[in-house]
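J.: Pasting a structure here, questions to come.
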Amino acid sequence: MVKKEIRIDYEEYVSVEEMSEADRALCRAAVEALEGSYAPYSHFHVGAAVRLSDGTVVKGANQENAAYPSGLCAERTAMFAAGASHPDLDMESIAIVARQDGRICSEPAAPCGACRQVMAQYQTKGGKPMSVILVGADHIKKFARVDDILPLIFDNI
């Protein structure tokens with residue numbers, strides 16, 4: 001038996017002002033995307049924004065439905081919209097933010113497993129790392145690649 005370790009590195013920022021202009025713009029777009037959230041059941045609003053290889057930003061927000069699980073997470077809403085509207089462009093980065101009780105959550109919200117797998121698929125399709133930015137009111141976490149939030153990615157391509 002050999003014991004192995006998986007290590008995850010990420011950057012943590014106190015404010016978006018510490019980030020590059022491109023990342024600041026992506027985080028702002030994710031916050032703007034919150035306005036499209038439809039969360040009458042959980043009251044947990046999530047916005048996401050994807051930056052494509054040409055600089056285009058595509059937004060998405062979570063959409064709940066009384067016929068659970070017919071709703072969709074903000075991350076997949078943004079990624080599927082980007083994939084459908086811009087099939088020839090790679091996804092470079094995604095920013096995610098959550099709001100509850102009218103305020104951005106102090107801790108960054110992490111994507112669910114299904115969203116992580118979809119991120120992994122688009123990263124594989126693009127052939128290069130896709131960064132993941134989790135925005136919270138108290139701090140922001142930036143992961144350089146999807147592998148850092150989903151080790152041992154399932155991939156049959």
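A short reminder: the numbers here are calculations on the coordinates, not readings from a lab. Note that the coordinates shown come from a computational prediction; the quantities given were computed from them, not determined experimentally. Positions of Cβ are generated from backbone atoms using ideal geometry, with glycine treated the same way; all protein chains shown enter the neighbour counts.
J.: For every other residue with a beta carbon closer than 10 angstrom to the beta carbon of SER53, add +1 if it is Lys or Arg and -1 if Asp or Glu, then tell me the sum.
T.: Details: positive: ARG51, LYS128; negative: ASP54, ASP88, ASP90, GLU92.
Here the charged neighbours net out to -2.
J.: With n ≥ 4 as the cut-off for DSSP H runs, can you work out [θ] at 222 nm for the chain, using -39500 (n - 2.57) per run divided by the number of residues, rounded to the nearest 500?
T.: Working: 3 runs with 39 residues, N = 157.
Result for the chain: -8000 deg cm²/dmol, rounded to the nearest 500.
J.: Another one. Find, among the chymotrypsin sites (Phe, Trp or Tyr not before Pro) in region 1-53, those assigned to loop by DSSP (not H, G, I, E, B) with at most 11 other beta-carbon atoms within 10 angstrom. Walk me through the numbers before you get to the answer.
T.: Working: sites: TYR10, TYR13, TYR38, TYR41, PHE44; in loops: TYR10, TYR41.
In loop regions of region 1-53 (DSSP not H, G, I, E or B), the sparsely surrounded chymotrypsin sites (Phe, Trp or Tyr not before Pro) are TYR41.
J.: Place the peptides 19-25, 57-63 in order of packing, highest mean first, counting for every residue the other Cβ atoms within 10 Å and averaging per peptide.
T.: Numbers: 19-25: 14.6, 57-63: 22.7.
Ranked from most to least packed, the peptides come out as 57-63, 19-25.
J.: In debye, nearest 20: dipole of region 52-153 around its Cα centre with unit charges on the Cβ of K, R (+) and D, E (-)? Provide the component values of the computation, followed by the final result.
T.: Details: 10 positive and 11 negative charges, 10 e Å.
The dipole of region 52-153 has a size of about 40 debye.
J.: Given a Förster distance of 30 Å, report the FRET efficiency between THR124 and LYS4 from their Cβ-Cβ distance, rounded to the nearest 0.05.
T.: Values: r = 23 Å, r/R0 = 0.76.
So the FRET efficiency works out to roughly 0.85.
J.: Taking a point 7 angstrom from the Cα of ALA144 along the C-beta vector, which residues in region 20-52 have backbone N less than 17 Å away?
T.: Zone members listed by number: 20.
J.: Further, regarding this structure: On the Cα set of region 16-157, report Rg and Dmax in Å, please.
T.: Cα radius of gyration and Dmax of region 16-157 are 14.1, 42 Å respectively.
J.: Run through region 58-157 and list the chymotrypsin sites (Phe, Trp or Tyr not before Pro) located in a DSSP loop whose Cβ has at most 13 other Cβ atoms within 10 Å. Provide the component values of the computation, followed by the final result.
T.: Numbers: sites: PHE80, TYR122, PHE143, PHE154; in loops: PHE154.
Hits after loop and neighbour filter: PHE154.
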